[in-house]
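The values are calculated or read from the model by the stated rules, or taken from the named source; none is laboratory data. Since this is a predicted model, take the numbers as computed values, not measurements. In this analysis, Cβ positions are derived from the backbone assuming ideal geometry, glycine residues included, and neighbour counts consider all displayed protein chains. Protein only, heavy atoms only, side chains kept; ligands, DNA and RNA dropped before computing areas. Shrake-Rupley method; radii C 1.70, N 1.55, O 1.52, S 1.80 Å.
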Amino acid sequence: MALATIIQNEFDQILANWMRDQGREGVRRTDVVSARESEAQSRELLQALARALRDTRSDDTFDFSNPGWDPVREALEHISQTRTESGVSPTEMAWFIASIKQSIFTILSQRNADDPKLLIDQVWMVTKIVDQMALHAISAYVDQREAIIERQQSEMTEVSAPVVKIWDRIVTVPLLGTVDSFRAQTVMENLLQAIVEREAEVAIIDITGVSTVDTMVAQHLLKTAAAVRLMGAECVISGISPKIAQTIVHLGVDLPNVVTRGDLQSGLSYAFERLGVKIGG
Amino acid sequence: MGASPVITITGCVIVAIRDNLDDRSVMMLQDQLVEEVARTKAKGVIIDISSLEIVDTFVGRMLGAMAEMAGMLNARTIVVGMRPAVAMTLVELGMTLAGVETALNADKAMGLILSGRASTSRAR
């Protein structure tokens with residue numbers, strides 16, 4: 001009997017066995033996926049599988065990229081998405097799909113017991129298909145994670161470099177945490193843009209909140225300072241802690257033509273001095 | 001040839017570069033500016049590059065050379081209005097225009113020249 005026909009005819013039996021196996025293998029995760037939802041997902045996937053097998057006649061050849069397998073891929077992506085959101089790990093996801101094998105193998109061995117060669121072919125075919133399904137589920141899982149990371153990154157970029165006008169003709173950007181090339185670039189762009197918009201003459205980069213300064217960070221600071229100067233403003237780097245001062249000297253980084261100050265206050269008073277701003281008291 | 005107009009106001013030679021420069025018009029402009037500085041005994045030169053979207057190494061070097069030439073005639077050169085994108089590109093190219101003074105716009109540069117104050121952004 002052909003594989004597609006068997007799965008079609010024994011659909012309920014396979015589904016019931018699969019649900020039982022899921023419970024036994026401990027992949028059901030009743031804490032995050034309800035029994036009803038779990039069954040609905042299993043049914044959805046098995047139906048898609050049965051349909052794809054019928055449509056593609058994959059008894060002889062199997063190509064997962066065949067359009068006939070689209071419903072299976074869609075079902076996998078859907079399940080992967082709902083499970084990812086409820087906190088299921090990729091291992092459990094793959095296991096959930098792999099656990100379908102046993103229920104299908106059991107039925108196959110019952111129906112084709114008299115034809116060992118056919119049975120082995122079918123077992124091999126089912127293994128190939130289920131493995132592909134598991135792989136696809138994992139890659140869908142990774143894609144969804146990537147999308148989440150990308151979104152968070154863009155959200156972080158928005159908040160990571162706020163350029164503030166703190167006085168007439170003075171803008172400042174406080175840097176926090178780790179500075180990588182991407183962020184350094186964003187900071188530079190935002191700062192230069194702000195200089196144009198606010199007609200600033202002094203730009204203060206405050207690195208009080210920067211955890212570590214290595215040669216790369218120093219390099220970025222130098223570049224930013226040079227670009228600020230080209231725009232016609234002056235760059236002050238404030239918030240140089242004693243530790244960072246030591247690091248910079250030990251690294252052998254030279255900060256020529258850049259004004260540095262220990263804290264934001266000194267940076268600001270330097271800016272006032274340059275601009276001839278007088279503060280009462 | 002769309003040469004940029006060079007005008008002199010109260011001892012400042014001012015040129016607003018209009019479009020992206022080719023190498024020939026860069027040389028022409030340089031000639032024109034030095035002539036004008038010598039003729040008017042100007043105290044300062046203001047080069048407005050706010051309409052330039054691209055500044056290559058050649059133009060960058062020309063700006064440096066201009067500043068040096070004007071300096072020999074006792075005039076300060078201030079480059080104004082550089083766009084952020086241009087500034088970033090020049091820095092990436094390693095051109096920091098060390099000998100050139102910069103200011104945000106022509107108005108501020110004019111103030112600097114007339115008051116004789118040093119630009120906040122002069123390389124020290």
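Working note: Karplus 6.51/-1.76/1.60 with θ = phi - 60° gives region A:102-110 the couplings 4, 5, 6, 4, 4, 5, 4, 5, 6 Hz, where Gly and Pro are set to x. Between amide H atoms placed 1.01 Å from N, distances below 5 Å from A:Glu234 occur with A:Val202, A:Ala203, all of them 5 or more places distant or on a separate chain. Over the C-alpha trace of the protein assembly as shown, radius of gyration and Dmax come out as 34.5, 109 angstrom.
Residues whose amide H lies under 5 Å from that of A:Asp206, counting only those 5 or more places away or on a different chain, are A:Val173, A:Leu175, A:Ser238; hydrogens are built 1.01 Å from N in the peptide plane. Averaged over the residues of peptide B:77-85, the number of Cβ atoms from other protein chains lying within 10 Å of each residue's Cβ is 4.
In degrees, nearest 10, range 0 to 90: what is the angle between the Cα axis of helix A:264-275 and the longest Cα principal axis of chain A? Once rounded, the angle reads 50 degrees.
Treat every Asp and Glu Cβ in region A:178-271 as -1 and every Lys and Arg Cβ as +1, leave all other atoms uncharged, and give the resulting dipole magnitude about the Cα centre to the nearest 20 debye.
On the way: 6 positive and 10 negative charges, 33 e Å.
So the magnitude is around 160 debye.
Each residue of region A:42-51 was assigned a 3J(HN,Hα) from its phi angle through the Karplus curve 6.51 cos²θ - 1.76 cosθ + 1.60 (θ = phi - 60°); the sequence is 4, 5, 4, 5, 5, 4, 4, 5, 4, 5 Hz, with glycine and proline shown as x. Solvent-accessible area per residue in the protein assembly as shown equals 50 Å², computed with a 1.4 angstrom probe and all protein chains kept. GNM on chain B, alpha-carbon springs under 10 angstrom: the most fluctuating residue among B:Ala87, B:Ala67, B:Ala106 is B:Ala87. Partners of A:Lys165 within straight-line reach, counting lysines whose Cα lies under 26 Å from its Cα and excluding those fewer than 8 residues away in the same chain: A:Lys223, A:Lys278, B:Lys108.
As a size descriptor, the averaged projected area of the C-alpha convex hull of region A:143-237 was calculated at 6.3 nm².
In terms of its alpha-carbon gyration tensor, chain B comes out oblate; a/c meets the 1.5 threshold, while b/c is at least as large as a/b. Charged side chains reduced to their Cβ positions (Lys and Arg at +1, Asp and Glu at -1) give region A:1-150 a dipole of some 360 debye around its Cα centre. Of the DSSP H helices in chain B, those with a Cα length along their own long axis of 15 Å or more and a mean Kyte-Doolittle hydropathy reaching 0.5 comprise B:57-72. Expressed as a whole percent, the accessible surface of the protein assembly as shown that belongs to carbon and sulfur atoms is 54, based on a 1.4 Å probe. Averaged over peptide B:86-94, the number of partner chain Cβ atoms lying within 10 Å of each residue's Cβ comes to 5. Towards the positive end of the charge dipole of the protein assembly as shown, with charges on Cβ (+1 Lys, Arg; -1 Asp, Glu), say which of B:Gln32, B:Met82, A:Pro71 has the farthest Cα. Looking along the dipole axis, the top candidate is B:Gln32. Sequence-ordered 3J(HN,Hα) estimates for region A:127-135 from the Karplus curve with 6.51, -1.76 and 1.60 and θ = phi - 60° stand at 4, 4, 5, 5, 4, 4, 4, 5, 4 Hz, glycine and proline given as x. Mean per-residue shielding of peptide B:96-106 is 4, counting Cβ atoms of other chains within 10 Å of each Cβ. Relative protection proxy for B:31-39, A:170-178, from highest mean packing down: A:170-178, B:31-39 (other beta-carbon atoms within 10 angstrom). Buried accessible surface for the A/B pair, both sides summed and rounded to the nearest 100, is 2100 Å² with a 1.4 Å probe.
Between the Cα long axis of helix A:70-85 and the first principal axis of chain A there is an angle of about 50°, rounded to the nearest 10. Simple point charges give the picture: +1 on the Cβ of Lys and Arg, -1 on the Cβ of Asp and Glu, and for region B:39-124 a dipole about the Cα centre of about 460 debye.
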